[in-house]
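Notes follow once the structure below has been shown.
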Amino acid sequence: MFRKLSVVAFAAMLAAAPLPVLAQGKKDSVVMAMALEPPGLDPTNAAAAAIAEVTLYNIYETLTKINEDGTTSPLLAESWTASPDLKTYTFKLRKGVKFHNGEPFDSAAVKFSFERNAVATSTNKDKSLFQSFVSVAAPDADTVVITLKNAEPNFPFLMGQASASIVEPKSAPTNITQPVGTGPYQLGAWAKGSSMTLSKWADYRNAAAIKLSKVTIRFISDPSAQTAALLSGDVDAFPRVAAQRSIAQFKADPRFNVMVGGSRAKTIVAINHRKKPLDDVRVRRAILAAIDRKAMIDGAVDGFGTPIGSFYVPTALGYVDTTGINPYDPAKAKKLLAEAGVTTPLELSLKLPPPSYARQGGEILAAQLAKVGIIAKVENVEWAQWLSQVFAGNGPHNFDLTIVSHVEPFDLVKITEPDYYLGYNNEAFNALYKQIVSTPDEAARVKLLGDAQRMLATDAVSAYLYQPQLITITNKKLKGVWKEVPQYENDFSAWYWE
């Protein structure tokens, strides 16, 4: 009897004891955090970069994939060729791909997606790109031929952006809340204002290569709370975290990997040219002369920025340094305002979206402008308000000044759009941009890009502040997270635990 009880007790002890570490598999889930919650989950529908941070290459896929070094590689397209004049691109599509709802991916889906992006009612942030297509032809199920009005040497890169995501036609109307794509993940749950989960799609064409079965994304806007979540271990990774002031602490902690990477982002003080007296270039130059870029970089992002003088960054093809065109000079600012006939104090609205760089930068900007007789009346708004009141193409463009970071790599074209929120409609610049995109020779294009940067700086289209240097902090054992940021994305298919 004693022996029998002993055996039973021993078996119970074994059942209660934890398995040896070697018998346990590697972690297959991760908790990531983001500063901003996406307003929806259709990247072809709205401009918010947070949509791409969740969906791009995870839920939706594109014809091409943009890599960490800015190069492009095949994704839904196995290969592509360009005509000598760079106006016609032929994509050979990957076979055997299907959408989450079981529908086949083919050239008809690509044609639908791109033509949908170009219609007059489209709210795609790159609508002008898709409207520059002469045609999207689908000669067979596995081939798409796109003909453009103008040459576009960057077209393969542009086709890897979130705005070029391929959607399934029947599901397109509900993608904002019920996204359907061809990617390795599907939406699990979405607790609005708190978190979101993505679950690995078992029927993905290369499911065995996807190491993470579940990704939980938490939304943490407050910089102090971001730091606390990382230090407590509640969060495994925080790309583009606002941890400038605590970076030394993380670097000294062996639990973390700290990466500071470059970006194609441009943080600017946007000026509404539709409002008087901001339609006067002298007033805009006065605003620029009142701004000390170094003080803005130090105060808004704790020094993690590189000064810029135009809508272009040092890592881009053909960059020229234009910071000397509108240098910090408060005396000159006062003189320009007087020349423009402006009676000071001049009151202007300053609408600030939620990110800390905008809110902190706005306080510094208001103090600098006050020194030259411009009173910036700060109004903090949420992203939804900012997008509808300030940015939306159909207006009302109800602002004088705002601070925002534009994260798209190739967005000079935006300046040419007549309904763009800045209201800068300059035929000379539009003609110059057309010349840029119709020049196949790279050396000649570089010269023209320099001309474009100088024109934007001379016209004081915006107050160009800095190129952000972005901080990503992860658990030391988590691999595959990017340091460099050619565009805002989080490719969970490449993440894994060591």
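The values are calculated or read from the model by the stated rules, or taken from the named source; none is laboratory data. On a predicted model such as this, the values are computed, not experimentally measured, just so you know. Positions of Cβ are generated from backbone atoms using ideal geometry, with glycine treated the same way; all protein chains shown enter the neighbour counts. Ligands, DNA and RNA are excluded from the accessible area calculation, which covers all protein heavy atoms including side chains. Shrake-Rupley method; radii C 1.70, N 1.55, O 1.52, S 1.80 Å.
Annotation note: of 420, 464, the sole residue that is modelled with pLDDT under 95 and over 30 Å from residue 27 (Cα atoms) is 420.
Residue 489 passes every criterion in (1) surrounded by 17 or more Cβ atoms within 10 Å (Cβ to Cβ); (2) part of a loop (DSSP other than H, G, I, E, B); (3) among the charged types (D, E, K, R); (4) touching a Ser or Thr at 6+ places or on another chain (Cβ under 7 Å) apart from (4). Summed over region 286-299, residues that are farther than 12 Å from residue 372 by Cα and in contact (Cβ under 8 Å) with a residue 40 or more places away in the chain total 6.
Looking across region 414-429, the residues that are assigned to a helix (DSSP H, G or I) and open to solvent by less than 40 Å² (accessible area, probe 1.4 Å) come down to 414, 415, 416, 429.
Of all residues in region 169-203, those that are in a loop (DSSP other than H, G, I, E, B) and open to solvent by 10 Å² or more (accessible area, probe 1.4 Å) total 11.
Residue count for region 189-227, restricted to those that are acidic (Asp, Glu) and either out of contact with any Lys or Arg (no Cβ under 9 Å at 6 or more places or on another chain) or under 12 Å from residue 54 (Cα atoms) (or both): 1. Looking across region 336-358, the residues that are open to solvent by less than 60 Å² (accessible area, probe 1.4 Å) and not in a loop (DSSP other than H, G, I, E, B) come down to 336, 337, 346, 348, 349, 350, 351, 352, 356, 357, 358. Kindly indicate whether residue 389 is at pLDDT below 95, farther than 14 Å from residue 291 by Cα and open to solvent by less than 60 Å² (accessible area, probe 1.4 Å). Against the criterion (at pLDDT below 95, farther than 14 Å from residue 291 by Cα and open to solvent by less than 60 Å² (accessible area, probe 1.4 Å)), residue 389 qualifies. The one condition from (1) modelled with pLDDT of 95 or more; (2) touching a helix residue (DSSP H, G or I) at 6+ places or on another chain (Cβ under 6 Å) that residue 436 does not meet is (1). The residues of region 64-92 that are of a type in the set (A, V, I, L, M) and in contact with a Leu (Cβ under 6 Å, 6 or more places away or on another chain), listed by number, are 76, 77.
Tell me yes or no: at least one residue of region 347-366 is touching a Phe, Trp or Tyr at 6+ places or on another chain (Cβ under 8 Å), among the polar types (S, T, N, Q) and at pLDDT below 95. No: region 347-366 contains no residue that is touching a Phe, Trp or Tyr at 6+ places or on another chain (Cβ under 8 Å), among the polar types (S, T, N, Q) and at pLDDT below 95. Looking across 264, 218, 240, 245, one residue alone is in contact (Cβ under 8 Å) with a residue 24 or more places away in the chain, among the basic types (Lys, Arg), in contact with a strand residue (DSSP E or B) (Cβ under 7 Å, 6 or more places away or on another chain) and under 18 Å from residue 470 (Cα atoms). It is 240. If residue 260 satisfies all but one of (1) closer than 30 Å to residue 478 by Cα; (2) touching a Phe, Trp or Tyr at 6+ places or on another chain (Cβ under 9 Å); (3) surrounded by 16 or more Cβ atoms within 10 Å (Cβ to Cβ), what's the number of the condition it fails? Tallying (1) closer than 30 Å to residue 478 by Cα; (2) touching a Phe, Trp or Tyr at 6+ places or on another chain (Cβ under 9 Å); (3) surrounded by 16 or more Cβ atoms within 10 Å (Cβ to Cβ), residue 260 fails exactly one: (3). Residue check: residue 435 meets all listed conditions (1) open to solvent by less than 20 Å² (accessible area, probe 1.4 Å); (2) closer than 22 Å to residue 153 by Cα; (3) of a type in the set (S, T, N, Q) but one, namely (1).
Close contacts from region 25-47, counting a first residue that is at pLDDT 90 or above and open to solvent by less than 10 Å² (accessible area, probe 1.4 Å) and a second that is small (Gly, Ala, Ser) and part of a strand (DSSP E or B), with Cβ to Cβ under 7 Å and a gap of 6+ residues or different chains, come to 30/237; 32/237. Mind counting the residues in region 361-386 that are in contact (Cβ under 8 Å) with a residue 60 or more places away in the chain, under 20 Å from residue 284 (Cβ atoms) and either buried (at least 18 other Cβ atoms within 10 Å of the Cβ) or of a type in the set (Phe, Trp, Tyr) (or both)? Qualifying residue count for the region: 7. If the condition is being touching a residue at least 24 places away in the same chain (Cβ under 8 Å), of a type in the set (S, T, N, Q) and part of a helix (DSSP H, G or I), then region 430-455 contributes only 453.
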